[in-house]
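Derivation of every value follows stated rules applied to the coordinates shown; laboratory data play no part. Everything numeric in this text was worked out from a predicted model, so none of it was measured. Please note: Cβ atoms are built from the backbone with ideal geometry, for glycine as well, and neighbour counts cover all protein chains shown.
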Amino acid sequence: MKPFFQKVPRLVVVLVLLALFGLVRSPLEDGLRTRLVEANLLTPPPAQGAFEQMGQSALMGTLGGLRSLVATFLTLEAFEHFSTKSWDDLRQSYQIITALEPRDETHWVSVIWHLGINATANMEVEGRLPAFERERRFKEYAFQAIDFAERGIEQIPESSAIRIQLAEIYREKLKDDCAVARVYGDTIGLPDAPGYVRRFHGYFMARCPGREKEAYAYLMALYQEGEQQRLPTLIKEIQNLEEKLGIPGPRRIPDADPDRPQKTPRRPPNLLPGDILVPFSVQDLRKIRG
Amino acid sequence: MNAETTVPKSSPRGAARPVPLFSPGRVATIASGTVTQLVRMKTFYFLLAFALVVVAVGNFNLPATPAKELSMIKKVSFGTMDLFAWLFAIVATALLLPRDQEDRTLYTILSKPVRRIEYLLGKLCGVLVVVGISLVIMYGICAVMIGARESLFVSAEIEAMTSSGRYSPEEIEEQVGLIRQQGLRPELGIAVGASFLKAAVVAGMTIFLSTFASSSLFTIIVSILLFLIGHAHTMASSFWLHSSDNSMIVQMLVKVVKILIPDFQLYSFSEGIVQGEAVVYALVGQMGLVTLGYLVVFLLLSLLVFVDKEF
């Protein structure tokens with residue numbers, strides 16, 4: 001019994017010291033955690049739903065500090081679902097991936113592209129399903145992609161890539177010009193936003209019923225900025241609006257200058273789309289053979 | 001003066017030199033002995049496994065853009081590096097004390113004028129040196145793979161964009177910049193440092209456990225369990241609290257766990273760096289101080305258990 005009594009106080013002392021150290025470090029660590037999260041160096045805990053959806057191994061990996069590894073593994077798994085067109089499984093995988101790494105923009109862009117473009121395109125041509133079901137699933141996937149986009153924007157408000165991908169769904173799949181104009185409008189001024197979003201915002205606003213006047217004023221302001229904005233599409237859109245709004249002749253803009261240098265170099269006449277070369281000369285023949 | 005305490009004036013071996021309370025030299029000797037001991041255990045062989053993982057991941061033909069592929073290679077490599085570092089820290093530290101006892105080296109060391117704190121600190125430093133060397137080698141392997149893939153992607157992208165003739169030099173530069181952002185950057189060294197800090201706390205905790213554990217197996221299992229709990233408690237506590245409707249008992253339990261077990265999840269800031277976020281050096285410095293605090297406390301607690309342990 002003696003060694004037992006000798007040992008107990010020592011263990012108690014150890015535990016008390018450990019607890020005291022814990023009490024001291026706990027608020028310090030909480031502060032550090034907050035600042036690390038604010039600096040985007042540390043990811044906050046995954047959302048409630050993510051744990052419930054995870055498989056046992058993914059859960060263990062995540063809890064064991066292998067969050068990045070689990071997310072990468074699930075990304076590969078998601079590609080497998082894309083290859084087999086298992087869209088619901090793909091969505092499930094990305095639910096977890098985006099919960100594990102919400103600050104990784106590429107995950108959000110990928111899932112929006114997969115569901116909004118690939119899955120909907122698949123529903124357009126899927127011959128094994130009746131037309132009604134295809135249409136229903138088409139809309140379902142498009143709206144799921146929009147839902148992902150909204151959550152992604154919530155996580156990374158400064159992301160232009162997510163918004164551009166979202167605009168593509170409204171533009172190509174749902175044909176909702178007003179929504180496209182709104183999304184491009186939200187993208188203007190964000191870091192890494194491409195220059196064309198300002199023009200695209202105007203183009204789609206012009207096609208949004210009821211916003212023609214606003215679009216005309218906006219596009220004219222762009223036109224007034226100078227030569228670099230006077231692209232053929234912008235001129236065409238303004239001219240369409242001039243017709244629609246009945247702008248008097250003297251206030252209308254001139255046609256696009258046909259001699260204006262093109263930004264993209266002219267394709268050689270014997271180069272077909274897909275870079276297929278039609279031999280016009282001996283050099284062309286050599287190029288094809290070599 | 002008492003006759004019994006009088007030092008004899010002439011001794012055949014001369015007067016014994018006073019033993020300093022703490023000697024960094026003795027700590028260094030024990031640390032270098034520990035490094036030799038671990039190297040002889042062929043511990044560095046696990047680097048081969050790591051190299052295989054990195055080479056395999058680097059040669060995947062992933063269905064992604066070059067930037068995304070590089071990001072994936074980095075995430076897998078650094079994740080594996082982190083895993084190897086903490087696992088190695090646990091296993092190596094857990095083996096040392098029982099091995100010294102088994103080989104009877106411990107008795108020889110402690111019979112010399114070596115303080116127990118010096119012994120423990122020497123052992124810990126030895127493990128940390130080996131973990132540090134391993135991490136540097138792993139980072140070297142990673143850097144070679146990432147650098148090679150990056151230059152391959154950059155040259156392929158430049159070639160493709162130039163040959164298409166549709167892109168301006170600025171657009172090519174922008175595209176190359178996107179790839180380089182996910183490539184080899186000096187900040188990645190800080191991510192390796194974060195893994196080292198985590199491994200150091202794990203080693204400190206394991207050395208504390210091994211001072212009262214009955215076997216290496218017990219130390220390894222308990223250390224891994226504590227590591228997993230320490231990693232998960234922040235994540236899991238919100239989940240438990242939510243599912244138990246913020247029950248008082250769960251709240252108490254969560255608090256006890258939080259106080260007693262180190263928060264290893266904090267060290268996951270390496271993931272943010274790997275993903276390309278900007279490093280905040282002040283925060284990294286503070287994490288270093290927290291780690292130092294953990295090491296000092298674990299070492300003192302180990303000493304408290306180890307100081308009058310009889311072998």
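Taking A:Lys236, A:Lys244, A:Lys175 in turn, the Gaussian network model of chain A (Cα-Cα springs below 10 Å) assigns the largest fluctuation to A:Lys244. Relative to the dominant Cα principal axis of chain A, helix A:196-206 is inclined by about 70°. Taking every C-alpha pair closer than 8 Å and separated by at least 6 residues, the mean separation divided by the residue count of chain A gives a relative contact order of 8 percent.
The calculated FRET efficiency for the pair B:Asp308 and A:Ala19, based on their C-beta separation and a Förster distance of 22 Å, comes to about 0.50. Taking only complete DSSP H runs, can you tell me which helices of chain B stretch 30 Å or more along their own long axis by Cα positions and average at least 0.0 on the Kyte-Doolittle scale? For chain B, where a helix must reach 30 Å along its axis and average at least 0.0, the hits are B:66-102, B:116-164, B:188-212, B:216-243, B:281-306. In chain A, the longest principal axis of the Cα atoms and the axis of helix A:131-155 are about 60 degrees apart.
Residue by residue along B:273-280, Cβ atoms of other protein chains within 10 Å of the local Cβ number 4 on average.
Quantify how strongly other chains surround peptide B:108-121 by giving the mean number of their Cβ atoms within 10 Å of each of its Cβ atoms.
Taking all residues of B:108-121 together, the mean is 0.
Which of B:Tyr167, B:Tyr45, B:Tyr267 moves the most in a Gaussian network model of chain B with Cα springs under 10 Å? Result: B:Tyr167 has the largest fluctuation of those listed.
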